[in-house]
Amino acid sequence: MSINNFSKVVIVAKDEWRYWLRSKLAMTVLAIGLVLTVASVIVTAITMMELSHTRHELQATSDKSFVDQPDRHPHRMVHYGHYAFRTPSPLSTLDPGIDAYTGNSIFLEGHRQNSAMFADSRQGTALTKLGSLTPAFIVQTLAPLLLILIGYSGISRERESQTLSYLLSQGTSGATLIAGKGLALLSVVALILTPLTISALFTLGSGEGLLAVASFVLGYALYLIVWVLLILLASSVFSKNSGSFTALAFVWILLCIVMPRVASTTASTAVSSAGKIETDFAVKAELRKLGDGHNTNDPAFKQFKQSLLNKYNVSSIDELPVNFRGLVASESEAKLTSVLNKFAEQRMQAELKQTQVSRYFGWVSPMVAIRSLSMIVVGTSIETHHRFLRETEQLRFDFVQGLNKVHVEKLSYQDDMNRNADTAATQKARVSAQNWQILQDFTFNVDSSKARAQRSIPAFLQLLLWIAVLLGGIKFVGRRLL
Amino acid sequence: MSYLLKQLAREWRFLLRQKYLVVLLVCTFVMSGFAVFSGLSEVTQQKQTIERLKAADLTDLTNVQHKYEDPGSLAYYSFHLTYSSPSNLAFAALGERDIYPWKHRLNLLALEGQIYESDAQNAELAQAGKIDFVFVVSALAPLIVILLFHDLFANERTSGRHDLLVTTAKSYFALWGARIAVRLIAVIVCLMLPFYIGTLLSHSALADVGFVTFICVIYIAFWTALSVWWGKNASSAPRVASTLIGFWVLVAFIIPILGDLVINKTVHSPKGGDIVLTQREAVNDAWDLPKKTTMDAFVASNPQWKDHVDMQSEFEWKWYYAFQQVGDEKAGELSHAYRDAAHTRYQLAGIVSWFSPPLLLQRTFTRLASTDALAAFRYEYRMRGFHKSLREFYYPWLFIKGNPPKAALKNMPSFKKTMLNEMDEPEVTGVKLKENLSVN
């Protein structure tokens, strides 16, 4: 485009702004849009920071209360267990994603994998079922509507008031006209994105990666560009304002309100994932073969016992230099964990598959695309929750095996076997509280910003395809404006 | 009469000739149909899951009863399925069932440690929300109605026909009334037809269907009246629709969001984590406390066992379960406050929903279908009642009688039996439920 053409585009854009400034409706819509965006950015930032603070605090309390436990039998500590809390990522101040829908704390104990507890949505009012005051919702759902309200008549207005043929005959090409109107809408997009971008840049200070922040802002920019193009297209195709408006409003209902729900409903119908309770039956059946780690006489440990006797070259378990009960506990925990992990992995894969199905709908709805993109980049998608589950499982296994090691090495088998005889024997079957230091400090971190950005590539492609198709469409009608 | 029909027939032909109206109506029908279809399949899945769980639960319980003799081990290894089946109307309003758990397996250990376990579905899908019939009616139907009715007058004005039509029409009704009636009936039929098919397939009660029809028609008529009234004197259709959609955004999003903010700021609730932490500390400390301390606390709330709390060894199951219950009691206050807060929030949300017709409709509907938070509270209450009956079953064996004979195990409570006993009681709802929730 030559300089001359570009200045023409700018003139058209300026003229569009002049029209908006004179229109009460456009100004109201713009003001509401900005207020909502700014308010959502502030409110969500405060909420998420509070959450982050509370969970950090709870984690610290939990760590401390574990270490502060008195002298005990080590296996008591295995059952005492530990709590892990999922602290939100810095960028989640802009899109809390599934944070409220999955439990944010998990109880870690021996022999079991618990599910996360206390999802905030269960304490909610059910008032935010349709939408919530988060920047993600405002920009994904309401911003397109605002753009439609401002821009639906961009070209069709000129046509309806018969200024279009005049403009075109004066040497302004169709392409220039559309580009100018587009530029004006893009400036509105920039306006909406400003509070979002500023807030996103702030998270850099809290350790968020530049790549994630850039992908986040770019994703939303692309998404709103899709809507600008849709508006330009409808406005160019329809001969009347009312036609353009009705079509756009209808498209908005379909893409922003209906499609995300159709996607999730289809996904859960298409891919069934058995709940935890149900898979637990299968887990239990498999575990039964492994034997009960509390019971050293369980026939399942016969071979293990024999191999130990051979290893230490002794004839009975009383002569072993280590605590046989602890060894059995450790051995059975390891086997049990591998079974539990196998099933947990299956369940996560099924969930991932479901999510994948719903994400395919991004090809037909840019709203679904930006929704996944946003949650993935921010680190509040299902993958992050799975990461939390995996990391806490590792934490669980480590501290349980650490305690079992203490059981093996620091508690004699005889004392252990006599532990229920009388009070004195119970006192003797204990180890020092210093052993509880084996617990590692746990802080949950989301995937690296590079990994998150990579994961969001399909969603980016979906948005880019929309843009390419719409640009093609506009180019086609741009030549036949009259 | 024939005059009236003639008017309606004419308007019907007009409607069919306007392509975008037909597209709108077809889309409405398709969306409503999809919502009903997916709702039905979701409910079927839930029912099948419960059936599978029941079978597996029974097998598991039989195995455990074969393997163990003593009441302590039996109580430790026997898990009992609790569940809340979807109602016959649930297909139309899936409600909160994707957020609140509706199935658990409980044993005699401390309840507070088990009750918050959630066997929830995919969180990312729950966050997007499901499309069900009540969503189509409450959120989408107003938009469809706005698109159908906003240009009733403006359209004729911009085409320059308005004044001519008004002066030549026989009566007001003959012109606008017939047009409104035809569009209104068309949209109601498109919305409700799939629902009726769904009710036939799921054997819903006729009274419920009638009530749903009633509120849906009122609701759609409200939006129709609003759109017609607002568009009456306007000449720019998009302007009318913009304001109406703005109003819809206000009542569907803004008011509920603000209400939610205010409610969350005013109602304070203990953190869920604190309940389980308290319970865990109590249960674990008991191992190191003198047995008498635990047993005294236990007897205080269960005086009938006061003559049977002496212990012969350092570990006895009765002591073990006693400190489990004491742990529950220690966390009781927090747990009550937690439940009360949830309940207060639910009630306050009811006030807010009077200012938001879409939410009011959803609330009424999910209450009718027993898929709302109240139904979830009710299920939790039942679980607590069931746990209580488990304790009542095991305690005599644990404290006095020793190993139960196999025949006695037949009297073991099951969740199904507990529910059957409840059938005699009147339905617990609203304020009544709140009182009942306070019973452990």
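Nothing in this text is a laboratory measurement; each read-out follows from the coordinates by a stated rule. Computed from a predicted structure; not experimentally measured. With ideal geometry, Cβ positions are generated from the backbone for all residues, glycine too; neighbour counts draw on all protein chains shown.
Once the gyration tensor of the Cα atoms in chain B is diagonalised, the equivalent ellipsoid follows with semi-axes of 59, 23, 15 Å, ordered largest first.
Phi angles across segment A:209-220 convert, under the Karplus curve 6.51 cos²θ - 1.76 cosθ + 1.60 with θ = phi - 60°, into 3J(HN,Hα) values of x, 4, 4, 5, 4, 5, 4, 4, 5, 4, x, 5 Hz, Gly and Pro given as x.
Counted residue by residue at 0.36 nm each, then reduced by the alpha carbon distance between them, the extension gain from B:Ile218 to B:Glu392 reaches 57.6 nm.
In the structure shown, the pairs A:Lys302/B:Lys410; A:Lys276/B:Lys47; A:Lys353/B:Lys416; B:Lys47/B:Lys271 are assessed against 24 Å; a Cα-Cα span above that value is assigned to A:Lys302/B:Lys410; A:Lys353/B:Lys416; B:Lys47/B:Lys271. Based on Cα contacts under 8 Å between residues 6+ apart, chain B shows a relative contact order of 25 percent. For segment A:50-197, the normalised intensity computed at q = 0.11, 0.20 Å⁻¹ comes to -0.67, -1.21 (log10 of I(q)/I(0), Debye sum over alpha carbons, equal scatterers, no solvent). Take the Cα of B:Gln18, step 7 Å toward its Cβ, do the same at B:Gln347, and the gap between the two points is 4.8 nm. What aspartates and glutamates does A:Lys14 reach when the alpha-carbon gap must be under 18 Å and sequence neighbours fewer than 8 apart in one chain are set aside? Excluding near neighbours in sequence, the set is A:Glu158.
A convex hull fitted around the alpha carbon atoms of segment B:123-180 yields 83 Å³ per residue.
I need to check one value: relative contact order of chain A, counting alpha carbon pairs closer than 8 Å and at least 6 residues apart, in percent. For chain A, the relative contact order is 25 percent. Legend: Rg and Dmax of segment A:393-482, from Cα coordinates, 31.4, 99 Å. Could you tell me which residue out of B:Phe298, B:Leu368, B:Met412 lies farthest along the dipole of chain B toward its positive end? Charges go on the beta carbon: Lys and Arg +1, Asp and Glu -1, centred on the Cα centre. Checked the options; the winner is B:Leu368. If the chain linking A:Ile198 and A:Lys311 were pulled fully straight, counting 0.36 nm for each residue of separation and taking away their Cα-Cα distance, it would gain 34.2 nm.
Over segment A:321-378, the hull volume per residue, using the convex hull of the C-alpha atoms, is 87 Å³.
Taking the Cβ-Cβ separation of A:Glu345 and A:Gln434 as r and a Förster radius of 30 Å, what is the calculated FRET efficiency to the nearest 0.05? Working from the Cβ atoms, E equals 0.25.
With one equal scatterer per alpha carbon and no solvent term, the Debye-computed log10 I(q)/I(0) for segment A:328-482 at 0.13 1/Å reads -0.80. When its C-alpha radius of gyration is set against 2.2 N^0.38 Å (N residues), segment A:1-130 gives a value of 1.84. Measuring how big the protein assembly as shown is from its alpha-carbon positions, Rg and Dmax come out at 32.3, 113 Å. Within straight-line reach of A:Lys335, meaning a Cα separation under 19 Å, sit the following aspartates and glutamates at least 8 residues removed in sequence or on another chain: A:Glu109, A:Asp280, A:Glu286, A:Asp292, A:Asp298, A:Glu345, A:Glu391, A:Glu393, A:Asp398. Projected onto their three principal axes, the Cα atoms of segment A:177-320 cover extents of 95, 41, 18 Å, largest first. The share of Cα pairs per 10 Å bin across segment B:257-347, counted from zero up to the longest distance, runs 16, 36, 22, 15, 8, 2, 0 percent. The aspartates and glutamates whose alpha-carbon is closer than 14 Å to the alpha-carbon of A:Lys410, local same-chain residues fewer than 8 away aside, are A:Asp71. Three principal axis extents of segment B:142-238 based on alpha-carbon atoms, in descending order, are 52, 29, 16 Å. Computed over the Cα atoms of segment B:1-131, the ratio of the radius of gyration to the Kirkwood radius (Rg/Rh) comes to 1.30.
Size descriptors for segment B:264-311, from the alpha-carbon set: Rg then Dmax equal 15.7, 50 Å. Across segment B:1-60, Cα-Cα pairs more than 12 Å apart make up 77 percent of the total. The convex hull drawn around the Cα atoms of segment A:126-234, when projected onto a plane and averaged over every direction, covers 8.9 nm². Normalised by the number of residues in segment A:31-113, the mean separation of alpha-carbon contacts (under 8 Å, six or more apart) gives a relative contact order of 36 percent. With a simple spin-label model that places each label point 7 Å from the Cα along the Cα-to-Cβ direction, the separation between B:Thr293 and A:Ser65 comes to 1.6 nm.
Among the residues of A:281-289, the average count of other protein chain beta-carbon atoms within 10 Å of the residue beta-carbon is 2.
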